[in-house]
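The values are calculated or read from the model by the stated rules, or taken from the named source; none is laboratory data. Source: prediction; values computed, not measured. Cβ atoms come from the backbone with ideal geometry, glycine included; neighbour counts cover every protein chain shown.
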Amino acid sequence: MKHLLKMLDLSREEIIDILNLADQLKYENKNGIEHHLLKGKTLGMIFQKSSTRTRVSFETGMYQLGGQALFLSNRDLQIGRGEPVQDTARVLSRYIDCIMIRTFAQKEVEDLANYGSIPVINGLTDFCHPCQVLADLMTIREFKGRFDGLKMCYIGDGNNMANSLIVGGLKVGMEVSVACPEGYRPDPQVLEFAAQYGDKFFMTDVPIEAAKDADVLFTDVWTSMGEEAETEKRKLAFKGYQINDEIMAAAKEDAMVQHCLPAHREEEITEKVFEAHADEIFEEAENRLHAQKAVMVKVMSGKDE
Ligand code: CP
Ligand code: NVA
């Protein structure tokens, strides 16, 4: 694996390999076993959008692996003043060992990978959020012990999270159902991918239909980063697209709830459901650290090329 640009690029085997390594690194981390697998390596982290989890988990993860991480904000880099990403890629490739980037356009991430000569990890774009979904899959397997026979449901905006969850969920063998309002459906490229899976993929605009017999329920904010000007319009469009008691009653009795965070209580999820499933949600947040360490080891150690 050279880069992590989107879930569509990964095979089922590559996903399972990352999750297995993530489980091992988590076990070692919990038991105080040091694993300096990236000693002397440097990760550059370019942020063109805000972040709590992604920034802190990558920076801490790199430290735990024996390397260092540089926080490169858009406000400080020349990229923010118009230096082309193609040039940034070629320059950074001469100093550091890997780039993690959070930005708007997926093309920018793909360009960084194409022009640079070092691995690139996508830390979220408008199109997808692969690091989050690897942590989500890790958490599902941790709580449920398997993927086969599970039904995953996503309710809300057909955004970066929906796009990555659909692809990741189907690739590892889960059934996937999605409820999105008209006009806010997942990306056509993702829907084309999902169509290959026949009746293992189901899309509706009725949340309760999607939630029926689900083992895992996901949602995400109604207004993503960069869409703030549409907040009021979106509040109307997504009314009713909420994980609440009624949705939980339609799902399996032991259904788990996941949220990538940050969460907006009483919008996409009620306070009551959120707090009832807080253990699963914060384990999911923790697993960002372990899953990303596995990704960094895979792309930087060059073992899998
Ligand atoms: N879930 C997630 O990516 O969180 P941050 O925006 O805080 O990084
Ligand atoms: N869809 C959200 C995810 C945040 C982690 C956003 O893009 O803002």
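Miscellaneous remarks
- Annotation note: of Lys151, Lys144, the sole residue that is in contact with a Ser or Thr (Cβ under 9 Å, 6 or more places away or on another chain), more than 16 Å from ligand 1 (Cβ to nearest atom) and not polar (S, T, N, Q) is Lys151.
- Among the residues listed as Thr219, Thr223, the single one being within 16 Å of ligand 2 (Cβ to nearest atom), more than 14 Å from Met152 (Cβ to Cβ) and at pLDDT 95 or above: Thr223
- Taking each residue of the stretch 165-184 that is closer than 12 Å to Thr219 by Cα and touching a residue at least 60 places away in the same chain (Cβ under 8 Å) and looking for partners that are crowded, with 23+ Cβ neighbours inside 10 Å and β-branched (Val, Ile, Thr) with beta-carbon atoms closer than 7 Å, six or more apart or interchain, yields Ala179/Ile155.
- Considering only residues in the stretch 39-59 that are over 21 Å from Cys260 (Cα atoms), in contact with an Asp or Glu (Cβ under 8 Å, 6 or more places away or on another chain) and not hydroxyl-bearing (Ser, Thr, Tyr), the one that is nearest to ligand 1 (Cβ to nearest atom) turns out to be Leu43.
- Residues that are within 16 Å of ligand 1 (Cβ to nearest atom) and within 16 Å of Asn163 (Cα to Cα), drawn from the stretch 190-238: Phe218, Thr219, Asp220, Val221, Trp222, Thr223, Ser224, Met225
- Candidate set from the stretch 87-127 (those that are small (Gly, Ala, Ser) and touching a residue at least 24 places away in the same chain (Cβ under 8 Å)); member that is farthest from Gln48 (Cα to Cα): Ser117
- Those residues of the stretch 16-58 which are of a type in the set (Val, Ile, Thr) and either surrounded by fewer than 21 Cβ atoms within 10 Å (Cβ to Cβ) or farther than 20 Å from Gly169 by Cβ (or both), in sequence order: Ile16, Ile33, Thr42, Ile46, Thr52, Thr54, Val56
- Subset of the stretch 60-96 (residues that are in contact with a Leu (Cβ under 8 Å, 6 or more places away or on another chain) and within 16 Å of ligand 1 (Cβ to nearest atom)): Thr60, Gly61, Met62, Ala69
Residue-wise test of (1) within 16 Å of ligand 2 (Cβ to nearest atom); (2) part of a helix (DSSP H, G or I).
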{"residue": "Gly44", "(1), (2)": "no, no"}
{"residue": "Gly61", "(1), (2)": "no, yes"}
{"residue": "Val91", "(1), (2)": "no, yes"}
{"residue": "Leu112", "(1), (2)": "no, yes"}
{"residue": "Ile121", "(1), (2)": "yes, no"}
{"residue": "Leu134", "(1), (2)": "yes, yes"}
{"residue": "Thr139", "(1), (2)": "yes, yes"}
{"residue": "Glu142", "(1), (2)": "no, yes"}
{"residue": "Tyr154", "(1), (2)": "yes, no"}
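- Any chance Glu83 is of a type in the set (Asp, Glu), free of Cβ contacts under 8 Å to residues at least 24 places away in the same chain and under 17 Å from Gly226 (Cα atoms): no
- Filtering the stretch 94-128 to residues that are among the small types (Gly, Ala, Ser) and buried (at least 18 other Cβ atoms within 10 Å of the Cβ) leaves Ala113, Gly116, Gly123.
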